[in-house]
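Shown next, in structure tokens, is the structure this report addresses.
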Amino acid sequence: MVLMLASYACLAGYSIFAGVSLGGTTVGVALLATLNFIAIMAARKNYRLRRLTQIAVQFRETISVWGAVFGALALAGFTMKVSSDFSRGGVIAFFAGGVLSILCSRLLVAGVISRAVANSWFVRREIVIIAEQGYSLSSAPLREMRQFGYRSVKTFEISTYELSGPGITSALREKLADVISTVRERQIGEIYLLFSWTNRRAIDLLLDALTVLPVSVHLVPDESTARYLRNPVVAIGSSWTAEVRRPPLTRMEQWLKRSFDVAVASVAIVLLLPIMVMTALLIKLDSRGPVFFRQTRNGFNGRPFGIFKFRTMRVLENGASIKQATRDDPRITAVGRFLRKSSIDELPQLFNVLIGDMSIVGPRPHASAHNSEYEKLIANYAFRHHVKPGITGWAQVNGLRGETRTVDLMQRRVEHDIWYINNWNIILDAKIAVRTIAVSLIHADAY
């Protein structure tokens, strides 16, 4: 509702300001965009109470879904040759008004929900707890349940002694009779069991004893299990799994990143083609050998691929042992030295981006021989291969370019790469791409 009102207000405001009539078609398409956005957000479970309190997730989902909806409608309009029927200013006003309004409303909703949770404003639900001795005081899930309005009318602690017999001991029988009496008298609808999940005998014993009550019985995850069940649960037929590690990028994020890569690479190739042609001529005039150099690198998931570069050396090393370039390296040609300092030698990798082996931004791919060496020396080194390698990266714009003379320098580069993977967003890619141009022009210190 907020999205529709604010977006249409922006649309109407533009119409009045520009003095144009938007027509029923524009309004109809705007309504279609709004309904599609709401449907996709609902399908992605973004309207759930817990999800609404996660501001970063809401911002990311809102921007990506709203952008995807408009991108799809723009493509449909272009394909059907009806895009000229719409006011571009009106469409931009609708897009901007919609995304700004929903982001502001998400901030407000998150604040209200967080305050409500903290003050237990939600409907109170009375429950009975049966806990292994000591568990009722230390259970993190139980503390969270209290925040969402669950109130225990009585907690029954079961000791190891009461569970020591082969069947139900007399002490346990008395306690269970008290549980049944409490549930019936207070008309409780739910019982929660707080036991170690390894204590299967106690859990089964209690479940059998509680069959006389027509209430639901819940088994609360113990501390060792809860840390896995906090992850998304994926249904597979009648079974389910906890996704304890998700891919670094979701499918939507992969689509956004790939779209960014293709768009930037295509434009860059067109703009830089004269420079690449001139570079090829200079290389041929300067020294004997091919214009391009192709070397095996490891990409996404460690898969090998051939990286394209302008040849800057008199040798074409691509084996099990490769020596990194050093300052005043005699193998580097006169033209090659300039190409490396200016990073022009990396331009052919734009074609690697179009092919799909690389991204514009990502961890720089190292020679396969160096990967084998550093994987043995640096923990989490292989984590760099969780995304596609890039022409430039977070490490490079932070001064970690060129030769890595020591393991400590490579460790710092890996730390920057891992930070980038864990904090990726499309805006970060754009910032790194812009900073790369500045770094290449101002700090041409690679060799």
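The values are calculated or read from the model by the stated rules, or taken from the named source; none is laboratory data. On a predicted model such as this, the values are computed, not experimentally measured, just so you know. Reconstructed Cβ throughout: ideal geometry from the backbone, glycine too, with neighbour counts over all protein chains shown. Note: areas computed on protein heavy atoms with side chains; ligands, DNA, RNA excluded. Shrake-Rupley method; radii C 1.70, N 1.55, O 1.52, S 1.80 Å.
Give me the one-decimal nm value for the distance between modelled label points at Glu174 and Val262, 7 Å along each residue's Cα-to-Cβ direction.
In this crude label model, Glu174 to Val262 measures out at 7.4 nm.
Tell me which residues come under 5 Å, amide H to amide H, from Ser359 once H is placed; ignore anything under 5 positions away on its chain.
Gly390, Ile391
Cys104 to Phe292: FRET efficiency via 1/(1 + (r/R0)^6), r the Cβ-Cβ distance, R0 56 Å, to the nearest 0.05? Write down the numbers at each step before the final one.
On the way: r = 51 Å, r/R0 = 0.91.
With R0 = 56 Å, the Cβ-Cβ based efficiency is 0.65.
Calculate one ³J(HN,Hα) per residue across the range 284-297 by plugging θ = phi - 60° into the Karplus curve 6.51 cos²θ - 1.76 cosθ + 1.60, and present them in order as whole Hz with x for glycine and proline.
Couplings: 5, 6, 7, 7, 7, x, x, 6, 9, 10, 10, 10, 6, 10 Hz.
Residue by residue, what Karplus-based ³J(HN,Hα) values in Hz, rounded to whole numbers, does the range 230-245 have, using 6.51, -1.76 and 1.60 with θ = phi - 60° and x for Gly and Pro?
6, 7, x, 9, 10, 7, 10, x, 8, 9, 8, 10, 9, 7, 6, 9
So, for the range 176-238, what is the accessible surface per residue at a probe of 1.4 Å, expressed in square angstrom?
59
Could you sort 36-44, 384-392 so that the peptide with the highest average Cβ count within 10 Å comes first and the rest follow in order?
384-392, 36-44
Using a Förster distance of 41 Å, how high is the FRET efficiency between Tyr47 and Ser181, based on the Cβ-Cβ distance and rounded to 0.05?
Step by step, r from the Cβ atoms, then E = 0.50.
5 Å is the cut-off here: which amide hydrogens, built 1.01 Å from N in the peptide plane, fall below it relative to Leu219, excluding neighbours closer than 5 in sequence?
Long-range HN contacts for Leu219: Leu193.
Measure off 7 Å from each Cα along the Cα-to-Cβ vector at Met276 and Arg115, then give the distance between these two points in nanometres to one decimal.
So the label points at Met276 and Arg115 sit 5.6 nm apart.
Distance in nm between label sites at Arg230 and Glu415, each 7 Å beyond Cα in the beta-carbon direction?
The two pseudo-label positions are separated by 2.4 nm.
If amide H atoms are built 1.01 Å from N in the plane of the peptide, which residues on other chains or at least 5 residues away come under 5 Å of the amide H of Tyr150?
Amide H neighbours of Tyr150: Arg125.
Mind scanning Lys45/Lys376; Lys284/Lys376; Lys309/Lys376 and naming the pairs with a C-alpha gap bigger than 31 Å?
Cα-Cα > 31 Å for Lys45/Lys376; Lys284/Lys376; rest within.
Could you please report the charge total around Arg364, scoring K, R as +1 and D, E as -1 over all other residues with beta-carbon less than 11 angstrom from its beta-carbon?
Numbers: positive: Arg297, Arg384, Arg401, Arg413; negative: Glu346, Asp417.
Local net charge: +2.
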